[in-house]
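In what follows, a single structure is set out as structure tokens and then discussed.
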Amino acid sequence: MNKYIVVDQPQKWNFLIENITVISSQYYLTNPKFSQLKKARIFNLCRDYSYQSKGYYVSLLAEARGHLPIPTVKNIVDLRALKLVRIVSDEFDNVLQQSLKNIKSREFTLSIYFGQNVAQKYKELSSLFYKHFQVPFLRVKFNHNIKWNVQSIRAISDSEIPQEHFEIIQLIANQYFRKKRYDTPKLVSYDFDLAILVNPNDPAPPSNPKGLKKFLEIAEKLNIYAEIIAPKDLSRLSSFDALFIRQSTEVNNETYAFARKAQQEGIAIVDYPDAILKCCNKVYMAEALNNANIATPKTIIIHKDNKQETLKIIGLPCVLKAPDSTFSFGVKKARTEEEYDLLVTEMLKESDLIIAQEFCPSEYDWRIGIIDNKPFYACKYYMAKDHWQIYNWKAKKKDDQDGNADCLPLEEVPKNVLDMAIKSAKLIGKGLFGIDIKIIHNQPMVIEINDNPNIDFGVEDLHYGDKIYATILLALKSRLE
């Protein structure tokens, strides 16, 4: 397997590593050869892993390309959620207290290099943090009140490593990069009660009140205890055995924290944190769909160096998408070159990469509901009144914000649409997905893979009725078993 160390400035890389190529983040993100490379392990040692930075995208696109990144995007996002950091550190609190018991000061900083510290006495503690976060260079700060607690944890670059540590880290690094296997935390499974996460202030909830009531009703018939919980209830999650997310998912809202905590505690989930990370990012989806040879409207990932070339290929009008746009929020249409330049400039201020897509107007989109790689409902979603999208959030009347929908038996869905939906869902893995497909010139094209599709009473359940709710709940039950 090809191994690459990805850094911001290869000329400033301080370590000599045998049989591994050191490349820049820009080169990995923009050189087409990496999209075509089938087997690779990517060691992402960028200075900045913040959301939508180059460091973030290196791991995200590595996953989309089928490469094996360290750290994963999941690991990167975990670092930013201090609640999750503390939950994880609580799991090995005994080791933490024992390791730091002889320190006299009230504060202590632990630097972890490839899962180790330069002092052997912190070996076990360093290894535990690394197994959970998988970030090659970590710095953990602790403070002492009644006992030692984690104050902060962050990734650092090689430029922040003290000079006196370099000699021993060189040895640690060579040991690390010679390994064939890299540790990942083990998850466990439980049984019994279901939490349904709902945000009462959600601007675009994935289930309407009658739909939520149906989930509770069908759960009772299936002998599943179900309770609706709110974003403030993260601390209660451990008392449940399964989590069903019915709040709009984003990497930066509570849904990811709930899903990640559930996964770390072995709680059954719909949907997994990996699905939230991947489906919520249009850059990942563009790369993954292209890599799997699944037809989409002509799509290009825009960065600061290819703005004008993109316009020549895509043409006008074109659709511009923020990486984490959901329910048509953050999706723009550029009609003129001036509008394109203005929108792209503004959007690149928020993210290093955005999406440009060929404009493919249609009367409706197919939505195929998939649970654990099996289709279980089909809808036609029509465009909102006098608008080019299903949702028109600027409509003056609430009734005009979204278009009509028809719910149909799966037998009436064209076979090529159904096959494409199943193939697309498999890119993400097991879970609940809504695959949006347009038919343009008699050819189906995937527009979106939604990790948290609508299950509304009177819409998605209109043909199959209670079976829709039961199918999802039984999928959760099978995870528990």
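The values are calculated or read from the model by the stated rules, or taken from the named source; none is laboratory data. Since this is a predicted model, take the numbers as computed values, not measurements. For neighbour counting, all protein chains shown are included, and Cβ atoms are generated from backbone atoms with ideal geometry for every residue, glycine included. Accessible surface areas use protein heavy atoms only, side chains included; no ligands, DNA or RNA. Shrake-Rupley method; radii C 1.70, N 1.55, O 1.52, S 1.80 Å.
For Lys298, a cut-off of 16 angstrom between C-alpha atoms picks up these aspartates and glutamates, skipping any fewer than 8 places away in its own chain: Glu287, Glu309, Glu358, Asp436, Glu448.
Computed with every protein chain present, the accessible area of Val22 is close to 50 Å² [probe 1.4 Å]. Accessible surface area normalised per residue over the stretch 18-80 is 36 Å², counting heavy atoms of protein chains with a 1.4 Å rolling probe. Accessible area per residue for the stretch 276-316, computed on protein heavy atoms with a 1.4 Å probe, is 41 Å².
In this view, the solvent-accessible surface of Asp241, computed with a 1.4 Å probe and all protein chains in place, comes to about 20 Å². Across Arg154, Arg479, the residue with the most accessible area heads the list, and the full order at a 1.4 Å probe is Arg154, Arg479.
Placing +1 on the Cβ of every Lys and Arg and -1 on the Cβ of every Asp and Glu, with nothing else charged, gives the chain a dipole about its Cα centre of roughly 1340 debye. May I ask you to list the residues of the stretch 426-464 whose amide nitrogen lies under 15 Å from a point 7 Å from Cα along the Cα→beta-carbon direction of Ser362? The answer is 434-450, whose backbone nitrogens lie closer than 15 Å to the label point. The residues neighbouring Leu110, those whose beta-carbon lies less than 13 Å from its own, together hold a net charge of +3 under the Lys/Arg +1, Asp/Glu -1 convention. The accessible surface of the chain, taken with every protein chain in place and a 1.4 Å probe, is 49 percent carbon and sulfur. With unit charges on the beta carbon (Lys/Arg positive, Asp/Glu negative), name the residue among Gln170, Tyr272, Ile245 whose Cα is farthest towards the positive pole of the charge dipole of the stretch 165-309. In the stretch 165-309, that residue is Gln170. Net charge in the neighbourhood of Ser159 (other residues with Cβ under 9 Å of its Cβ; Lys, Arg +1, Asp, Glu -1) is 0. Here the relative contact order of the stretch 216-349, from alpha carbon pairs under 8 Å that lie six or more residues apart, stands at 15 percent. Across the cross-link table entries Lys54/Lys307; Lys333/Lys380; Lys213/Lys385; Lys385/Lys467; Lys278/Lys374, which are compared at the Cα atoms, the separations over 24 Å belong to Lys213/Lys385; Lys385/Lys467. What the stretch 397-481 shows is 47 Å² of accessible area per residue, with the surface traced by a 1.4 Å probe over protein heavy atoms. In straight Cα distance, which lysines are under 22 Å from Lys123, not counting same-chain residues fewer than 8 positions off? Hits, sequence-local ones excluded: Lys101, Lys104, Lys131, Lys141, Lys147, Lys179, Lys180, Lys186.
Taking a ≥ b ≥ c as the square roots of the eigenvalues of the alpha-carbon gyration tensor, the chain is classed oblate because a/c is 1.5 or more while a/b is no larger than b/c. Put +1 on the Cβ of each Lys and Arg and -1 on the Cβ of each Asp and Glu in the chain; which of Leu68, Ala405, Ala195 then has its Cα farthest toward the positive end of the dipole? The listed residue farthest towards the positive side: Leu68.
Only helical runs count toward this figure. For the chain, summing -39,500 (n - 2.57) over DSSP H runs of n ≥ 4 and dividing by all residues gives -9500 deg cm²/dmol at 222 nm.
Estimated at the nearest 10 Å², the accessible area of His387 is 50 Å² with a 1.4 Å probe. Over the stretch 334-422, Cα pairs under 8 Å with separation of 6+ residues give a relative contact order of 22 percent.
Extending 7 Å from Cα along the Cβ direction at Ser235 and again at Gln443 yields two label points whose distance is 5.6 nm. Between the listed residues Tyr57, Ile112, Asn31, the Cα displaced farthest toward the positive end of the dipole of the chain, a dipole computed from Cβ unit charges relative to the Cα centre, is found at Ile112. Accessible area ranking (1.4 Å probe, heavy atoms, ligands and nucleic acids excluded), largest first, for Trp13, Trp366: Trp13, Trp366. About its Cα centre, the stretch 198-324 has a charge dipole of approximately 400 debye under the convention of +1 per Lys or Arg Cβ and -1 per Asp or Glu Cβ, with nothing else charged.
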